[in-house]
Structures are given as C-alpha cells and as structure tokens.
Amino acid sequence: MAREKPKTTPNTGDTDTYVHKALMFSRSSAPRIPKPTAEREICRGVRMSSSHVFSRYHQRNFPTLESMKLVTLFFFFSLSLLIASSFVSAATLQQQEVQVLKEIGNTLGKKDWDFSVDPCSGERNWSSPASKSYSTLNAVTCDCSFSNNNLCHVVGIVLKKQNLTGTLPPEFAKLPYLQEIDLTRNYLNGTIPKQWSSLNVVNISLFGNRITGSIPKELGNITTLKSLSLEFNQLSGELPPELGNLLQLERLHVSSNSFTGNLPTTLARLSKLNYVRLSDNQFSGAIPNFIQSWTSLQRLVIHGSGMSGPIPSGISFLKNLTDLRISDLKGPDSYFPPLRNLTNLETLVLRSCNLIGSIPEYLGNVTNLNSLDLSFNKLSGSIPNSLRVPENMNILYLTGNFFTGPLPNWIANPDYTDLSYNNFSIEKPEQLTCQQGTVNLFASALNGNNSGTYPCLGITSCPKPSYSLHINCGGKIITYNGNITYDEDSQEAGPAKSLRSGSNWAVSNTGHFFDSGISDYYTWSNMSKLAMNNAELYMDARVSALSLTYYGYCMGNGSYTVNLHFAEIMFTDDQTYSSLGRRVFDIYIQVRGFVSSTFPTTLLQRKLLLKDFDIAKEAGGVRKPIIKNFTAIVTSGTLEIRLQWAGKGTTAIPFGSVYGPLISAISVNPGYFFFSLVSFLFFLP
C-alpha cells in the first residue's frame, strides 16, 4: 500500500490565527472596547423574529382578513425596529482618523482606498473576504461602540500580499486605539519608525518586506505587544536590550535578517514566549543558557543563526516544547543535549550541531515524536531499539553520521527513513538495493566492492569507463548545442529517496519541507519563457529541502572539469514580495580514494567549494544562467557532487517551503588524464 505524504506543519510564515486570538483576548487591557450593547443584540433578535414570522405566513397562506391585518401591523412594527437599528449602527469613523488613514495610504503606496465611503463600513475595498490561506488579506477594522455607538476608532490595519511599494508610516502613532499592524508580504522599504513606541498594539508583523536599519530601542515601550514578526527583511545591528521590557511578548520572529552580536541577556525576562525563530542571521556567541527562563516556550527554531554550540543544558527546563529545531552550529564537538524532560516533543531537529557519542535511549520515551532529524553530525554506535516505540514516527533522518552495527528490523516503521552515508554492517549489502521501500540506504554500508562503487548499486564491475557525465536535473532528455545529450532526471523523488539512472550516475535526496502549506516537491518547472541562450537547459530544476547528491560511477581516472548549471526560476524579477526571496546553500565535491589494508573503508574526501552560494546574486538576477566550474581528480572511478542547505536564506518567499538547493544541469568533461597519488593529494584541502 502506498505511503501517505509526509505530514506538514502549518505555514508559520503568517500570524493570522494568533493575531486574531491575541486581538480578541487583549480587549480587556486595551483602550475601552466594550462588548456589543444589549440594544444592538435586541434589534438583531427582532429581525430574526420578523423573518421567521413571514416565513410561517407564506407556508400557511392564511386567507382571513384578521390575518392580513395582523401581518400588516407586524410589518410596520418590524420596519420601525429596522429603521431604529440602522440609526443605532450608523456610527462613523472620527474625521481626524480618516485624515490619518489618508496619510497612511500615501506613505504605504496604498492607492485603492475609497474615501467616498466610511472606512469603518467594510464596503468597497476597506475589507476583503477571508481565504483558505489567510483569515483576511485587506482590512481596516474598527470598534464602533464609542459615544453610545455613534463613534468609531480604527483598531486594526491588515494589508497582506498587497505588494505595497512605500515606506512604513510614522502616522500609525496617530491612531490611539490601534492594536494590530500587519503588513505581511509587501515590497515596503525604509526603517521602523520610533513613533510607534507610543502605541498600545498587540501585534506587529512586517514579515517579508525590504525593511532596513536596526530595531528601534523605543519599541521596548510597547508593553502591550504580544507578537513581533520581523522575518525576511534586511534589518541589521544588535537586538536592543529594551526588547526585554516586552513582558507580554509571546512570539518573537526575527529570522532571515542580518542581526549581529550576542542575544541580550534581558530577553531572559520574557517568560511568556511560546514561539521563537532566530534563524539565518549573523549572531555571535553561544546559544545562551538563559533560554531556560522561557518556560512557556512551545516552538524554538534556530537554523544557521551564526551562534555556536554546545546546546545549553538549560534547555532541559523547557518542558512545554513540542517543536525544537536547531542546526548548523559553529563551535566544538559536544555530546547529545539533555532532553530527557522534553516528553511533549513532536518535532526534533538537531542537524549539523557537531554532536558526538550515541543517541540516548530515552528518546524512545517521547511517544509523540513524529519527526526526528539528527543528520550530518558525528554520532556513532548503533541505532537504539527504543526508537521503535513512537508509533506516529513520520520522518527519521540519520544521514551523514558514523552509525554502525546491523540495521534494526523495525527501521521501516517510520513513514520515511534516511540512513545514507553511514557505516552499517549489512550482511550481503549487494543483495539490497539503495532504496528499500521508503528507506534510503544509499552509501549506508561499510563494505566496498571491486568496482569502487557503493554495494547497494549492484555493480560488481565496470565493463567500460566513462569520461563524461551530462544530466538535465529535474527535466527530460534533451540535446544541447546540437550534439550533447543530457540524461533525463525527472523521476519522482521523495523525502528519503535514492534513484539510479540508466546511465552511469545516481541521485540521493534527503529532506522534508517543514512549515509548508503545500505537499513536498522535488522538481520545479518554469512556466514562462526564459530570455537566455540555451533556455531549454534551465526550464526545469531538481530541488531539495536539505541535501541533494549526484553520484557518478564507472568513470575513468583522471582530471575533470565539473560544470554546475544554475538559474533561479522560483523568484520573480519585479517589485513584488515574490522577488524578495534569497536561496542560499553550500556546494561540495567529493572524491572517493582507494581501498587498502591501511584504510579499512573507502576514503571519502569532501571539499567545500562554495559556502553560502546564492544563485540570483551570482547570476546578477533571477531567470539568468550561471555556470560554476570546478576541477576534480577522480582516482577510483567515482565522483560525488553534493548541494546542501545550511539554514541560510528565506524559507517562505513567495510561499512556505521555498529554500534549499536547486540545480538545472550538470556536465562533467575530461581535462588532462593521469593517475597518481600526488594529484589526489593536491586536490585535498
């Protein structure tokens, strides 16, 4: 029976649900916003009664004069109540605030507000209907309960996905009752106005814009603030210590900026935090132990933050954590952090954290665990049998470690398991293919074979060496420049999948798109025409959420020129939020050495050739080709090219799950041929 797709967590790029709950529950502490009056409720009830009576009248069709008189009398009575109700609900926005909205519209570049109707009426374009992805995209929200229901004040401004091109309005500070500012996914620039510090807002979301400068320390005066989302902008500088004054803060999202320095110790005061995102920045220092003060924390995401390990022992105090994701830490090796008390965990990602030692048995007691990613560490020993206990395990990634011993007989229990690049002792590994159902065993065995290839490929010998490699990554077979055929690479991949081509190469993919509102995808096709030479080579691409490895085998020994073809086809080239994405990943070339009595395993030398590679930046824009050339020395018939996400770049522009490696094509051509140990050592770092 086919397995279901990986479970996905809701797209956390937007704060709709939280914001509206926060707005609702914050009314008691906000400037006077009473519940609807009894008079309004009575009028509403009368209208419902009137409708019900007229329905009953038409159903029975009373022909009597008395009945007609009764209906006529009731009609006029109901009409008078409706008129009274209309009079009661005819509250309008204060003219001073109307003028402020005009100023705000001019500053934002919001040109379609229609001031011929009252902004609080909800008519015209003052409010848009909700959609599946958003509770609302465009709305000015008012409270009209002031002055006996005759006066309105603006309490919320939500303008999402409007592609506004202006700047952030200081004029928001002129709306004294404002509680929500949500400008998610626009094209706004400029800095955060200090004037906002006088507001009593509950939520500020500037997610996905071009905001620059630093966070004003004055924001620390907004003591009512519960959610602050500044992700996916161009902010810089250190986080101001004054943020520690936001004692009501529950969400702090600052990922994908250029923040520097240590996290201020004043953040330890924020005991109500339940969701923190710090990824893709340039912070320094270790992850602070004061995070143990965030005892309400449920979700913590720290990918590629610039911070160092080890993960502090104080993390053991965060017993409410359900989602813990930390990756790509700098610093020395360290043992597994103490997570025994975190029994509510559902997602645990500790990837590229320089972890050594073994996996603790107690992880099996985390019965709700459904995603476990410990890939690209230095963990060793056998996989603990306790990991068979969590019944809802969806994803198990142990890629790129030093695990040994036999494969557990339960290893196929998770929906998707990736054990690639380990040292397991597999009896007769040549009898196992690299893909066993939903278990990726590519390069997972200690044993080698006479062909120099991984045993699971089933190649006992190479009848004829090949001196070239051409792959149309993610696309169909094509002929390029009239005489070069690029192999097809359009097979459906998966979150833990290896594929062998009909030629002399294979591909292995590891990774699942967390925080995605769509199903995982592993290829992408450009839908519009590309204005470039040889565009057919860049129309399709292979993508990965984490690690993508192409493996050439049965190749002649010698020197090769490796050409990697890229074009960014998922972002736009215009003045919209869809152009603001940044895709960043690393490129490695791996060459397998020789097998000898001195080296019990085949040597695998990995060289990081490009760190933080950004396709669009290198190419000078999106939908433009860029070819990166490298020299590699093949000494035992195999060549590996690995593209790996290291927690950098945006992750939700233009939508959730746009990040990680993307490649259009690979061409490997011979240079000068030789085979000597000297040349092999010359390639090593």
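Taking the stretch 335-360 as the range and being assigned to a loop (DSSP other than H, G, I, E, B) and among the hydrophobic types (A, V, I, L, M, F, W, C) as the test, the residues that pass are F336, L339, L342, L345, C353, I359. Mind listing whichever residues of the stretch 455-468 are in contact with a strand residue (DSSP E or B) (Cβ under 7 Å, 6 or more places away or on another chain) and either surrounded by fewer than 18 Cβ atoms within 10 Å (Cβ to Cβ) or modelled with pLDDT of 95 or more (or both)? Selection gives P465, S466, Y467, S468.
Tell me which residues, restricted to the stretch 193-228, are out of contact with any helix residue (DSSP H, G or I) (no Cβ under 9 Å at 6 or more places or on another chain) and under 13 Å from A173 (Cα atoms). Within the stretch 193-228, N200 is the sole residue that qualifies.
Scoring I484 on the criteria (1) within 14 Å of F442 (Cα to Cα); (2) surrounded by fewer than 23 Cβ atoms within 10 Å (Cβ to Cβ) leaves a single failure, condition (1). N186 fulfils the conditions (1) outside any helix (DSSP H, G or I); (2) at pLDDT 95 or above; (3) in contact with an Asp or Glu (Cβ under 7 Å, 6 or more places away or on another chain) except for a single criterion, (3). Within the stretch 516-524, at least one residue is under 25 Å from L608 (Cα atoms), without any contact (Cβ under 8 Å) to a residue 60 or more places away in the chain and touching a strand residue (DSSP E or B) at 6+ places or on another chain (Cβ under 8 Å). Within the stretch 383-404, residues that are in contact (Cβ under 8 Å) with a residue 12 or more places away in the chain and within 10 Å of L369 (Cα to Cα) reach partners that are charged (D, E, K, R) and assigned to a loop (DSSP other than H, G, I, E, B) with beta carbons closer than 7 Å, at six or more positions or on different chains, in the pairs N394/K7; N394/D415; I395/D415. The set of residues in the stretch 487-518 that are among the hydrophobic types (A, V, I, L, M, F, W, C) and exposed (fewer than 15 other Cβ atoms within 10 Å of the Cβ) contains only I518.
For the stretch 234-264, filtered to residues that are surrounded by fewer than 23 Cβ atoms within 10 Å (Cβ to Cβ) and among the hydroxyl-bearing types (S, T, Y), the residue that is nearest to the chain's Cα centre (by Cα) is S258. Here L374 clears all of (1) free of Cβ contacts under 8 Å to residues at least 40 places away in the same chain; (2) over 19 Å from the mean Cα position of the chain (by Cα); (3) under 23 Å from K648 (Cβ atoms) except the condition numbered (2). Among the residues of the stretch 643-660, those that are out of contact with any His (no Cβ under 9 Å at 6 or more places or on another chain) and either of a type in the set (V, I, T) or under 21 Å from I589 (Cβ atoms) (or both) comprise L643, Q644, T650, I653, V658, G660. Listed by first and then second residue, the pairs linking a residue in the stretch 222-240 that is within 13 Å of S258 (Cβ to Cβ) to a residue that is part of a loop (DSSP other than H, G, I, E, B) and of a type in the set (G, A, S), with Cβ atoms under 6 Å apart and 6 or more places separating them unless they lie on different chains, are E231/S255; E231/S256; F232/G208; F232/S256; G237/S214. So which residues in the stretch 520-562 are assigned to a strand (DSSP E or B), buried (at least 16 other Cβ atoms within 10 Å of the Cβ) and under 30 Å from the mean Cα position of the chain (by Cα), if there are any at all? Listed by number, the residues that qualify are T523, W524, D540, A541, R542, V543, S547, L548, T549, Y550, Y551.
Taken together, P332, P310 contain a single residue that is touching a Leu at 6+ places or on another chain (Cβ under 9 Å), in a loop (DSSP other than H, G, I, E, B) and assigned by TED's automatic domain parsing to the domain that holds G244, which is P310. State whether the residues of the stretch 630-649 include one that is of a type in the set (A, V, I, L, M), outside any strand (DSSP E or B), closer than 23 Å to S508 by Cβ and at pLDDT 95 or above. Scanning the stretch 630-649 turns up at least one residue that is of a type in the set (A, V, I, L, M), outside any strand (DSSP E or B), closer than 23 Å to S508 by Cβ and at pLDDT 95 or above.
Checking every residue in the stretch 267-282 against the condition of being hydroxyl-bearing (S, T, Y), crowded, with 22+ Cβ neighbours inside 10 Å, touching a strand residue (DSSP E or B) at 6+ places or on another chain (Cβ under 8 Å) and in contact (Cβ under 8 Å) with a residue 24 or more places away in the chain gives at least one match. Among the residues of the stretch 435-454, those identified as surrounded by 20 or more Cβ atoms within 10 Å (Cβ to Cβ), at pLDDT 90 or above, assigned to a loop (DSSP other than H, G, I, E, B) and not hydroxyl-bearing (S, T, Y) are L441, F442, A443.
Filter the stretch 349-382 down to residues that are surrounded by 15 or more Cβ atoms within 10 Å (Cβ to Cβ) and either acidic (D, E) or touching a helix residue (DSSP H, G or I) at 6+ places or on another chain (Cβ under 9 Å) (or both), then give me how many there are. Selection size over the stretch 349-382: 8. In the condition set (1) outside the structural domain of R299 (by TED's automatic domain parsing); (2) touching a residue at least 60 places away in the same chain (Cβ under 8 Å); (3) on the phi > 0 side of the Ramachandran plot, G482 is compliant with all but (2). Of all residues in the stretch 388-434, those satisfying the criterion of being of a type outside the set (D, E, K, R) and not in a loop (DSSP other than H, G, I, E, B) are I395, L396, Y397, F402, F403, Y416, T417, F424, P429, Q431.
The values are calculated or read from the model by the stated rules, or taken from the named source; none is laboratory data. This one's a predicted model, so the numbers in the text were calculated from it and none came from an experiment. Cβ sites come from the backbone with ideal geometry, for glycine too, and all protein chains shown count toward neighbours.
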